[in-house]
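Each remark here refers to the structure printed beneath this line.
FYI, it's all coordinate maths here, none of it is from the lab. If you're wondering where the values come from, they're calculated on a predicted model, not measured in any experiment. Neighbour counts run over all protein chains shown; Cβ positions are idealised from the backbone, glycine included.
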Amino acid sequence: MIERRRFMLGNEAIVEGALMAGARFFAGYPITPSSEIAEGASRKLPQVGGYYLQMEDELASIAAVIGASIGGLKAFTATSGPGFSLMQENIGLAVMAEVPCVIVDVQRSGPSTGLATRPAQADMMQARWGRHGDQSIIALSPSSVQECFDLIICAFNLAETYRCPVLFMADETVGHLREDCLLRAEADVEIVNRKRPPEDVDGYLPYKPDDDLVPPMVAPGGKHLTRFHSSTHNEKGLPTSSPEEADKLVRRLYDKIEKNKDRIIKYKQYDVDESEYLLVTFGGAVRAARQAAADMKKQGLKVGVLELQTVWPFPTEHIAELAKGKRGIVVPEMNLGQIIGEVKKVVCGKVPVVGANRCDGEPLSPQEIAKALGEVVSR
Amino acid sequence: MNKRSCEVSWKAFLREENLPHQWCPGCGYGVILKSMLFAFEKEGLAPKDVVVVTGIGCWGKTDDYLYTNTVHVTHGRALPVATGIKVANPSLKVVALMGDGDSATIGGNHLIHSSRRNIDVTAIVANNLNYGMTGGQYSCTTPLYSRTSTSWYGDPEPALDICRVVEAAGASFAARTTVYHVAMIEKYISMAVSHEGFSLVEVISPCPTYFGRYNKVGSAPAMLNWLKENAVPVERASKLSDEERKETFVTGIFADKKGQSFLSRYGEIQSRARRELESE
Amino acid sequence: MRYEVIFAGIGGQGVILAGTLLGEAAVRCGLKATQTQAYGVSARGGFTKTDLIVSDEEILYPYSLNPNLIIALAEEAFMRYIDVNGDACKVIYDSGLIDVKSIGFSLDKRFVGVPITNIAVELGSPRSVNILSLGIAASFIKDISFDALRETLSETFSANALEKNIEALSKGIELGRSML
Amino acid sequence: MTLPEGEVEVAEGKAFRIEIRRDRCKACEICVEFCPKNVFEPDELGRPIPKRVDDCIGCGTCELRCPDFAIEIKSKECHDVD
């Protein structure tokens, strides 16, 4: 595949990136504002020998995605808030059974049906904590059409590397944004495939991890019998109620992500070192934040922007480092304050932290961020 | 019984070191399990070619006793997981094991749509007429006015007829028998796993611990006799009035059709997509 | 250079497509472009708008902040921009569909009425209202060439529909130029 | 898979051998009830005692109906009956 440039939707770029990453299976239930992903997948996947399944609901969609990944295909689904809520239980299954897959949430205004066509970024805490039980999770968030393409490839690579679900937290402003996107050539893209045990190995245990805490994964039908299990299980994949084994499993599932944070976390930053003030933001809100920083610069205020491409696990250490010596931090997000809580935890009251928020279904504007900055400057 | 002379013995599928199993004395699920393994042997399957997907419930514990590929999932979602596996690798024999709660109550929507899609998966539904694992509450297949731990004065809801539902929704094979009619279990499962498209075998099974005790059906042997007495072959059932049919378990084959399965249809879709791509 | 165009109308008029095509043509000419959209829950009818921003440098905020040009194709859309700020903003409205007198506003010289739908009907392609509008808008952005627009249209429309759409595009450009 | 000796109780009859695994038996009495030749008597817990093993005709009903994989019937030549 050669490199191409196209003026395209974020949602379309997500499909192109997923295909580039090797996805060959999509199961979903159409929902605004994510439906262009389902539509694109239904057009493109059968052309390359892949499959598009339109399931009866989001519970079935994520379940089929998990099944297809177990069966050996890279698989993904796309939804929005209401569907994301329905998927939570089986995202937990993918965590527990260690099944790589990618779940795209093109966030819209809520709660419930909310403003179905309007943007929000209010599923960020649901992404982190939406499932019962202790666990870590990986969530990425794109701020441009180019990042829809590039980061969805990262999402698949992370899922394959760590044998886990990866949440792709887009929002309506990015999903329905059209801009120029470089669809990279195959040769220019790094693709990761799940680690498999050597074929000649005897006594393969489905949940025996390597040193990186990730167990090799095999597809059924080959030499090794496979077991996937939603209950607390031992290395053989048999259920256990032993406190020691339960502790070992839950900690390993948590640690395989938390201890690899340095490899997982990606961010972009603009003028952060020389700035007095810092905007910490993600996804669609990044665009307004960068515009606000540029506008402030003209007025002589030094404002840096940290764009969290990886929101979960949270880049605690990096933000702690950046916050040193700053006079204030603003956290722009299209919700009433979710990620701001994490930032506050990091700075522990040493730096004033103010939110720039919106929950009316309208995109956050640079003026609102400027206003929040004004508030922090006047402190 | 025929002499079993197949290459892989049914015992190759059985994880004997995990026996005794966790099911209660007189529970029919051990019988269904054994019959299923006989059917696997008869159909010449090998453990590596079979994927058993289980949901939650007593019957959902079956994967603990199996040497095949197994996937134990969440309550009600065995069929869509099985669908994903089958689509990803059509050479696998994908069998979903679900109880009445898993398949028809919490997972009823998937049962209908798997039937409609005619996805090439075999569902083996063990129907013990109540939720055994959680203490004998009523399910959607509990007979009307039966006593359970959540219907102490009788279940006010009529039971769902799983086989008729899946038949109406488009499944190409559906059959029902009971644990009493033990030879039929193997026969129907054999037919089901060798069938193209969605196939379902429902086996009514005794739950002496809860359903039998609450409804005064008696001990495990008495429950088997109760199943025998109340089973009516589908041919005969059609001649009964609705009133007469009420207390019975209609057994037999409800659907056995040759129709296009999901995978054969999707192959056509992929060819169309490629043709359009080439013509662009 | 940052030029902001808003195409606004009701669902079904093709305003979003007009924005997409203008963006594609801009990118073809080596410019940066972003397009965002707002629409209601119904596929047909209801307010719909698209913001198209063209710039020669990276576009940070993709929504229109200070529009240079608004093309309003329905009364519902027009009413939203009646009190638009900024002297630099031109508002072109479909004077065949929007009865300004009955609305009761006195409009200043930034507002220009063009009977876009009527012209489309006269051209024999009533559905090309959006392409006419595209032509009008394109004529205000001098860095977007006619060739780029034509190429964009030829990749979008089937051979049968192309000729009529090129005709509408040319007519739109002619109308736009007359307003410069 | 062969079972370790000692876990299986063997009752030798004239024509057939009945093998019972006590560790698996849950005393449901289905074998006792459904044996057409009335070979078994229940012990005090309800587990089968093959009292009349010579009467066994090797029909396999007990083996087929046992939910617990606890009974196997072998012919004297030690082949599986089925």
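For chain B, the longest piece that avoids every one of the trypsin sites (Lys or Arg not before Pro) found in DSSP loops with at most 15 other C-beta atoms within 10 Å covers B:5-215. What range in chain C is the longest one free of GluC sites (Glu not before Pro) that are in a loop by DSSP and have at most 11 other Cβ atoms within 10 angstrom? Result for the longest clean stretch: C:59-180. With a simple spin-label model that places each label point 7 Å from the Cα along the Cα-to-Cβ direction, the separation between A:Lys350 and A:Leu205 comes to 4.3 nm. Computed from Cα atoms, the angle from the helix B:108-117 axis to the main principal axis of chain B rounds to 40 degrees. What is the angle, in °, between the Cα long axis of helix A:243-258 and the longest principal axis of the Cα atoms in chain A? Nearest 10 is fine, range 0 to 90. Approximately 50 degrees, to the nearest ten.
Evaluated at 25 °C with a viscosity of 0.890 mPa s, what Stokes-Einstein diffusion coefficient in µm²/s does chain A have when Rh comes from the Kirkwood expression over alpha-carbon pairs?
116 µm²/s
Residues whose amide H lies under 5 Å from that of B:Met133, counting only those 5 or more places away or on a different chain, are B:Cys58; hydrogens are built 1.01 Å from N in the peptide plane. Ranking D:Ala70, B:Trp226, A:Ala219 by how far each Cα lies toward the positive end of the dipole of the protein assembly as shown (charges on Cβ) leaves B:Trp226 at the top. With the largest listed first and rounded to whole Å, the semi-axes of the equivalent ellipsoid of region A:1-128 from the Cα gyration tensor are 22, 19, 12. Between the beta carbons of C:Asp83 and A:Glu375, assuming R0 = 35 Å, the FRET efficiency works out to 0.80 to the nearest 0.05.
Helix B:262-279 versus the longest principal axis of chain B: what is the Cα-based angle in degrees, 0 to 90, to the nearest 10? Its long axis makes an angle of about 20 degrees.
Each stretch of four or more DSSP H residues adds -39500 (n - 2.57); spread over every residue of the protein assembly as shown, this sum gives -10000 deg cm²/dmol at 222 nm.
Placing dummy labels 7 Å off each Cα toward the beta-carbon, the span from C:Lys142 to A:Lys236 is 8.1 nm.
Fraction of C-alpha pairs exceeding 29 angstrom in chain C: 13 percent, rounded to a whole number.
Take the Cβ-Cβ distance between C:Ser178 and A:Leu182 as r, set R0 to 41 Å, and report the resulting FRET efficiency rounded to the nearest 0.05.
Calculated transfer efficiency: 0.60.
Shape of region B:10-279 from its Cα gyration tensor (a ≥ b ≥ c, root eigenvalues): rounded if a/c is under 1.5, otherwise prolate when a/b > b/c, or oblate? Here region B:10-279 falls in the prolate category.
Here the Karplus curve 6.51 cos²θ - 1.76 cosθ + 1.60, taken at θ = phi - 60°, turns the phi angles of region A:119-133 into couplings of x, 6, 10, 9, 9, 5, 6, 5, 4, 6, 10, x, 9, 6, x Hz, with x standing for Gly and Pro.
For region D:23-39, the residues whose amide N sits under 20 Å from a probe point set 7 Å from the Cα of D:Cys59 along the beta carbon direction are D:28-39. Computed from the C-beta positions of A:Ala246 and C:Arg110, the FRET efficiency with R₀ = 51 Å rounds to 0.15. Counting only residues 5 or more places away or on other chains, whose amide H sits under 5 Å from the amide H of B:Ile204 once H atoms are built in the peptide plane? It is B:Asn127, B:Thr177, B:Thr178, B:Val179, by chain and number. Exposed loop positions in chain A were taken to be GluC sites (Glu not before Pro) whose DSSP state is not H, G, I, E or B and which have at most 13 other beta-carbon atoms within 10 angstrom. Between these positions, the longest stretch is A:4-189.
Given 4 °C and 1.567 mPa s, compute D for region D:8-75 with the Stokes-Einstein relation, Rh being the Kirkwood radius over Cα pairs; round to the nearest whole µm²/s. My calculation gives 113 µm²/s for D.
Scanning residues 5 or more positions from C:Val112 or on other chains, those with amide H under 5 Å from its amide H are C:Val91, C:Ile92, C:Tyr93, with H placed 1.01 Å from N in the peptide plane.
The overall shape of region B:1-103 is oblate: from the C-alpha gyration tensor, with semi-axes ordered a ≥ b ≥ c, the ratio a/c is 1.5 or greater and a/b is no larger than b/c.
Note on region B:10-279: dipole from Cβ charges, positive end direction compared against B:Ile189, B:Ala126, B:Thr251; the farthest Cα belongs to B:Ile189. For a test of the definition: using alpha carbon positions, the gyration tensor, and the 1.5 limit on a/c, classify the protein assembly as shown as rounded, prolate or oblate. It comes out prolate by the Cα gyration axes. Site pair B:Val234 and B:Lys11 shows an inter-label distance of 3.6 nm when each label is modelled 7 Å from Cα along Cα→Cβ.
Between the residues D:Phe40, D:Cys59, D:Ile18, the greatest Cα displacement towards the positive end of the dipole of region D:8-75, with unit charges on the Cβ of Lys, Arg, Asp and Glu, is found for D:Cys59.
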